[in-house]
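Reading through the structure tokens given below for one structure.
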């Protein structure tokens, strides 16, 4: 059931809602449901606790940033906010029923290459966001090595230590942090627009064979970070 407060908040966008489908997707993080209006339009609704509103707000901004690149199909954001005890994010319902074959994979790769040509002057982003349920620190940085070391590797290492994995990751992790610069000798990547969390569960295929990307953790960085995430 969609909370009544959320239905009221969405009414200016959706009109009267006459049907909802069973929850679909969303993993263990969000509740998701397909919503239909009386005029036949459909949307994809994500719900969580009210204190999750900043996560949805960052996701909405990330989706709009990806749409600005005009490189791949990205769901449009129709509404984002808090109503009562729930945060909500209302997106296009794209009915991802197609199959990911080699032709679709080629389209995804070509679109991703176009997206990576959409660049910024520095690395990072203007706000922090989340990769799944994990906070992802961003902020702007002039140097890729510094950004990647401090806001990606070091942050994840500190998180692992806080969660009881110090003996497993700390010795080798600290050596990586101390000796990372030689890996980038003579290499200065362009700050490309990245999806940031492009594993297989965060892209799909429409019935017409068009690849779609969603659930981003957007920032500007080395395009190879996106490619590595797809493996």
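Only one of the listed residues (202, 163) is surrounded by fewer than 10 Cβ atoms within 10 Å (Cβ to Cβ) and closer than 30 Å to residue 61 by Cα. That residue is 163.
Residues are listed down the side, and each one gets a yes or a no for (1) outside the structural domain of residue 8 (by TED's automatic domain parsing); (2) out of contact with any helix residue (DSSP H, G or I) (no Cβ under 8 Å at 6 or more places or on another chain); (3) not in a loop (DSSP other than H, G, I, E, B):
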site: 97; (1), (2), (3): yes, yes, no
site: 107; (1), (2), (3): yes, yes, yes
site: 115; (1), (2), (3): yes, no, yes
site: 121; (1), (2), (3): yes, yes, no
site: 127; (1), (2), (3): yes, no, no
site: 130; (1), (2), (3): yes, no, yes
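Is it the case that some residue within segment 140-147 is crowded, with 17+ Cβ neighbours inside 10 Å and under 20 Å from the mean Cα position of the chain (by Cα)? Yes, because at least one residue in segment 140-147 is crowded, with 17+ Cβ neighbours inside 10 Å and under 20 Å from the mean Cα position of the chain (by Cα). Is it the case, given these coordinates, that residue 48 is outside the structural domain of residue 198 (by TED's automatic domain parsing) and over 21 Å from residue 223 (Cα atoms)? Yes: the conditions hold for residue 48. The residues of segment 206-223 that are out of contact with any helix residue (DSSP H, G or I) (no Cβ under 8 Å at 6 or more places or on another chain) and under 20 Å from residue 129 (Cβ atoms), listed by number, are 212, 219, 220. All conditions but one from (1) surrounded by fewer than 17 Cβ atoms within 10 Å (Cβ to Cβ); (2) more than 21 Å from the chain's Cα centre (by Cα) apply to residue 157; the one that does not is (1).
The single residue among 164, 98, 124, 201 that is touching a strand residue (DSSP E or B) at 6+ places or on another chain (Cβ under 6 Å) and modelled with pLDDT under 95 turns out to be 98.
The values are calculated or read from the model by the stated rules, or taken from the named source; none is laboratory data. Please read all numbers here as calculations on a predicted model, not as lab measurements. So basically every Cβ, Gly included, is an ideal-geometry build from the backbone, and we count neighbours across all protein chains shown.
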